[in-house]
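The values are calculated or read from the model by the stated rules, or taken from the named source; none is laboratory data. Note that the structure is a prediction, hence the values are computed from the model and not measured. Quick reminder, even Gly has a Cβ in these numbers, built from the backbone with ideal geometry, and neighbours come from all protein chains shown. Only protein heavy atoms, including side chains, enter the accessible area calculation; ligands, DNA and RNA are left aside. Shrake-Rupley method; radii C 1.70, N 1.55, O 1.52, S 1.80 Å.
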Amino acid sequence: MAAIRENTDLTTTMTLSVSNIEVVYNSVILVLRGISLEVEPGKVVSLLGPNGAGKSTTLKAISGLLRAELGEVTRGQIHWGSERLDGMSAEDVVRMGLVQVIEGRLLFRHLTVEENLRVGGMVYQGGRHIRDDLERVYHYFPALAKLSRRVSGYLSGGEGQMLVIGRAMMAHPQLLMLDEPSLGLAPMLVHEIFDIIRDINRQEGMSVLIVEQNARAALELADHAYVMEDGRIVLDGPAEQMRENEDIKEFYLGLNQAGGRKNYREVKHYKRRKRWLG
């Protein structure tokens, strides 16, 4: 635990503010249509919504990864504290302390677990604290310590997800952005990984912005949540309040008003019935 206490520089006092941004791909395809959201210091914020809603694009707009996909922020602003992020390169955004874990568990598959972590550690002060940072990551992910010499291409989905989060932690993020960390994982593994994310947030004071289709797991983890559809924010509020929202229960948690499991075959026009779009 000593290594955890020594890393107080991870605790952030900075707020992420996304103000009315629009994102266009290839100069013609409008994907985000005036998105605004905030991540306050040390808070966990979940971004929910169906496939194609613009959740991943929102993260890439923040992290500077849009350029690699011919996308750009054409309106609005993104601030990290007093610093404006839109227009920055992805490398500069990482240096500011914002790190995105991309969907798909992208690893250097020919390298071992520890070699992958060491690559992540080179971002922070040229890798001068790698030994301490490895100890810190292994504290949260004991499974990775046991697998440290294994070639990462042979990891399971859950082990790979732990590794990409651990590698991101090696860069000392103040805001960790996670894109669909539960994708393709068994429910027990999802529970385990979300518990670890909660521990990281509480012990490190690290802010977390998580894009997730597993609304139940995301709302149990989050302090605040936003719902996106068709490139817009259609609903937001404290996570506890959102868990009790009848539309969230029905359309994202799969429960009807009596608390039973919703039969979607009986709902032919459910999008039209959403009260927040009425």
Within segment 222-250, the residues that are under 18 Å from LEU176 (Cβ atoms) and more than 17 Å from the chain's Cα centre (by Cα) are none
Quiz item: Can you spot a residue in segment 139-162 that is in contact with a strand residue (DSSP E or B) (Cβ under 7 Å, 6 or more places away or on another chain), closer than 15 Å to GLU103 by Cα and not small (Gly, Ala, Ser)?
Solution: no
Within segment 13-25, the residues that are open to solvent by 40 Å² or more (accessible area, probe 1.4 Å) and in a strand (DSSP E or B) are SER19, ASN20, GLU22
Checked against (1) open to solvent by 30 Å² or more (accessible area, probe 1.4 Å); (2) within 22 Å of THR58 (Cα to Cα); (3) at pLDDT 90 or above, LEU183 satisfies every condition except (3)
Scanning segment 132-179 residue by residue, those of a type in the set (Lys, Arg) and open to solvent by less than 10 Å² (accessible area, probe 1.4 Å) turn out to be ARG136
Taking segment 167-206 and keeping residues in contact with a Leu (Cβ under 7 Å, 6 or more places away or on another chain) and closer than 20 Å to ALA90 by Cβ leaves ARG167, ALA168, MET170, HIS172, PRO173, GLN174, LEU175, MET177, ASP179, MET206
Scanning segment 103-118 for residues that are within 22 Å of the chain's Cα centre (by Cα) and at pLDDT 90 or above, the one surrounded by the most Cβ atoms within 10 Å (Cβ to Cβ) turns out to be VAL113
Next on the checklist: Against the condition over 21 Å from the mean Cα position of the chain (by Cα) and either over 18 Å from ARG198 (Cα atoms) or surrounded by fewer than 21 Cβ atoms within 10 Å (Cβ to Cβ) (or both), how does ARG95 come out, does it pass?
Outcome noted: no
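If a residue has to be under 17 Å from MET177 (Cβ atoms) and open to solvent by 10 Å² or more (accessible area, probe 1.4 Å) to count, how many in segment 206-221 make the cut?
Number satisfying all stated conditions: 4.
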